[in-house]
Amino acid sequence: MAPLSENGILPATRTPELGAKDAVEPEPLYYSSISPAEEEPAEPEEVDPWDLPELLDTGVKWSELDTKGKVLRVVTSIVRLVLLLGLLYLFVCSLDVLSSAFQLVGGKAAGDIFQDNAVLSNPVAGLVIGVLVTVLVQSSSTSSSIVVSMVSSGLLEVKSAVPIIMGANIGTSVTNTIVAVMQAGDRNEFRRAFAGATVHDFFNWLSVLVLLPLEVASGYLYRLTELIIDSFNIQTGADAPDLLKVITVPLTKNIIQLDSSVISGIATGDPAARNKSLIKIWCKTEKVTNLVNITVPGIANCTPDALCWMEDNVTWTQQNQTETINLKKCTHMFVNANLPDLAVGLILLALSLLALCTCLILIVKLLNSMLKGQVAVVIKKVLNTDFPFPFAWVTGYLAMLVGAGMTFIVQSSSVFTSAITPLVGIGVISIERAYPLTLGSNIGTTTTAILAALASPGETLANSLQISLCHFFFNISGILLWYPIPFTRVPIRLAKALGNRTAKYRWFAALYLFLCFFLLPLTVLGLSIAGWQVLVGVGVPVVVMLVFVVVVNIMQKRCPRFLPLVLHSWDFLPKPLHSLKPWDKHVTVAMTFCRTRCCCCCKCCNKEEDDEEESNKNDRSLEMYDNPALTIEDENYQAKATHL
């Protein structure tokens with residue numbers, strides 16, 4: 001037995017020497033008299049969560065493969081590429097079906113919202129109406145076309161339509177934010193993906209906060225576009241190329257086809273459109289004009305330049321009447337379903353979201369398996385490397401051109417931004433590079449609208465083109481505000497802050513979506529309907545309070561000495577008002593309750609895991625007691641040493 005030292009420390013001991021065959025010398029054991037609290041902990045290396053992960057090649061190098069292995073790798077790569085293209089195709093088709101589902105659920109409500117011209121005259125109300133309608137129909141092109149038809153028919157002035165176009169620009173960014181939520185499984189991927197998606201949101205919101213008051217005060221967008229329209233003799237041109245529809249229509253037309261003229265008819269006040277279904281039944285129709293005999297009250301009511309005669313004291317005349325003849329029925333799966341639009345919309349909404357999630361998960365897994373080794377290095381260098389020193393600033397603007405060109409090709413900013421969101425999540429594209437790509441996408445979607453406006457008839461060409469140019473110059477003005485100088489790239493910093501918050505509390509992403517795209521616009525719309533006095537009375541104090549909170553937060557970090565002592569932190573407020581941790585506890589409890597009630601096997605699984613963990617602990621404890629080097633006469637000391 002080894003005696004204890006005076007200070008109660010067990011000295012290092014070795015087992016007695018054994019025979020040559022059985023000689024085992026355990027490592028010496030040292031016990032320090034310093035308590036764990038007094039020991040200096042090793043400083044962990046700080047890792048920036050925004051650094052792009054290294055995409056390492058874990059497989060065998062190409063040079064080390066034999067002929068069979070090389071052939072197998074080439075075939076595998078081709079199969080993966082084909083699968084990736086197929087999943088991208090299904091991803092885009094599911095976005096198209098998702099847009100149709102939202103139109104079925106809320107399309108008529110969107111038309112009713114546009115019908116209230118008294119509310120539309122309020123610029124703030126027009127802004128939130130643009131947001132709500134675009135979220136409901138999941139397409140800024142649809143909401144913009146409704147606005148164009150209302151302006152062309154004289155129901156809405158161009159000046160009143162400018163805030164609605166700004167709102168449509170905000171609403172179109174909800175799609176890629178929903179796509180980012182689907183990557184909530186991995187914390188770091190979710191951080192990057194959500195920040196890459198919401199950088200679009202912050203750019204649009206910040207641009208509106210600056211440019212909407214400027215437009216209301218000066219009308220600069222309206223005056224600038226009016227000057228351009230008056231200066232050039234613009235003729236009617238061809239429609240914008242619809243390349244993406246050519247690819248997706250063969251599949252989506254077998255799922256659902258909609259008659260989008262119904263929404264425009266409701267917005268323009270057509271009473272017949274209200275009773276029509278958005279689901280298209282007859283895909284091929286023909287209008288036939290026939291000359292028919294009708295009765296009129298008297299000779300004065302006869303059709304000019306037509307026959308008119310009396311027969312049995314009844315006046316007859318001839319009149320042209322147009323009749324629509326249904327020739328061919330549509331072939332989509334809901335053509336014979338006697339279901340209301342809302343039911344079909346909810347069915348398609350569930351199916352499209354399921355397809356969207358499945359495709360996104362499989363795309364991310366395929367990209368993770370494909371982007372390895374030298375391929376990953378090349379892709380990351382091409383996408384994220386700047387030009388040499390004198391021309392480094394050109395890289396961002398080149399990325400804008402790429403984003404604008406890709407959006408012009410696919411005819412949808414939502415599709416393009418939703419496609420790059422998973423790439424930001426897995427670390428192929430940095431958020432600093434995704435930002436100019438997104439800004440270019442905003443420009444691309446306005447150029448397609450301009451080309452579509454050029455295809456308008458001559459009597460509506462000027463108004464249609466002016467609204468499209470307002471959309472174009474709004475995005476150009478936003479880029480001039482928030483991109484050229486690195487210091488002004490505030491959307492990137494805000495998106496990173498929100499990404500960090502949602503990575504810590506993942507339920508906050510759903511709350512953000514609900515607040516920014518539903519609750520806030522609906523609240524402002526309700527206050528606008530109540531009157532501008534109510535809107536100002538409620539809105540001004542809220543805005544002042546928000547500005548005060550932002551200023552105090554900045555001063556707490558930069559110059560706290562200028563603040564009163566009580567404002568050096570927000571600890572004087574109840575914790576739920578300045579921290580998400582208390583809310584996180586309640587959300588966690590609620591989700592745990594739902595999980596245990598909805599899945600009866602969870603408790604059994606957890607119990608088995610706990611039993612296994614307890615068994616492992618007991619085994620480790622027995623192993624420690626069985627070590628002969630730890631045999632101590634004093635039982636109390638033995639317990640302490642074992643605990644250490």
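Stretched out fully, how many nm does the piece from Leu339 to Ala510 gain, at 0.36 nm a residue minus the Cα gap?
58.5 nm
Once fully extended, how much extra length lies between Gln321 and Leu565, figured as 0.36 nm per residue of separation less the alpha-carbon to alpha-carbon distance?
Length gained, Gln321 through Leu565: 79.6 nm.
Among residues other than Ile325 whose Cβ falls under 12 Å from its Cβ, what is the net charge (Lys/Arg +1, Asp/Glu -1)?
With Lys, Arg at +1 and Asp, Glu at -1, the neighbours total +1.
Do any of Lys557/Lys581; Lys70/Lys365; Lys557/Lys585; Lys284/Lys329; Lys365/Lys504 go past 18 Å between their Cα atoms, and which?
In this structure, Lys557/Lys581; Lys70/Lys365; Lys557/Lys585; Lys365/Lys504 exceed 18 Å between Cα atoms.
Non-local amide H neighbours of Cys330 (under 5 Å, H modeled in plane, Pro and chain starts lacking H): which ones?
Excluding prolines and chain starts, which carry no amide H, the hits are Trp282, Cys283.
Ordered by residue, what ³J(HN,Hα) values in Hz, to whole numbers, does segment 517-527 give under the Karplus form 6.51 cos²θ - 1.76 cosθ + 1.60, where θ = phi - 60° and Gly and Pro are x?
Listing the rounded values in order: 10, 10, 5, 4, x, 5, 5, 5, 5, x, 5 Hz.
For segment 269-378, give the percent of accessible area contributed by carbon and sulfur heavy atoms, probe 1.4 Å, rounded to a whole number.
57
Around Tyr505, under 9 Å between beta carbons, what's the net of Lys plus Arg minus Asp minus Glu among the other residues?
After counting each charged neighbour, the total is +3.
In whole angstrom, how far apart do the alpha carbon centroids of segment 273-341 and segment 521-541 sit?
46
Per-residue HN-Hα couplings for segment 537-543, Karplus 6.51 cos²θ - 1.76 cosθ + 1.60 at θ = phi - 60°, whole Hz, x for Gly and Pro?
Result, rounded to whole Hz: x, 8, x, 4, x, 5, 5.
Per residue, how many Å² of accessible area does segment 251-340 show with a 1.4 Å probe?
68
Using amide H atoms built in the peptide plane, which far-off residues or other-chain residues are under 5 Å from Thr315 H to H?
Excluding prolines and chain starts, which carry no amide H, the hits are Val296.
Can you work out ³J(HN,Hα) from phi for every residue in segment 342-351, in order, using Karplus 6.51 cos²θ - 1.76 cosθ + 1.60 and θ = phi - 60°, giving whole Hz and x for Gly and Pro?
Couplings: 5, 5, 4, x, 5, 4, 5, 4, 5, 5 Hz.
The values are calculated or read from the model by the stated rules, or taken from the named source; none is laboratory data. This one's a predicted model, so the numbers in the text were calculated from it and none came from an experiment. Note that we place each Cβ from the backbone using ideal geometry, even for glycine, and neighbour counts take in every protein chain shown. Remember, those area values only see protein heavy atoms, side chains included, never the ligands or the DNA or RNA. Shrake-Rupley method; radii C 1.70, N 1.55, O 1.52, S 1.80 Å.
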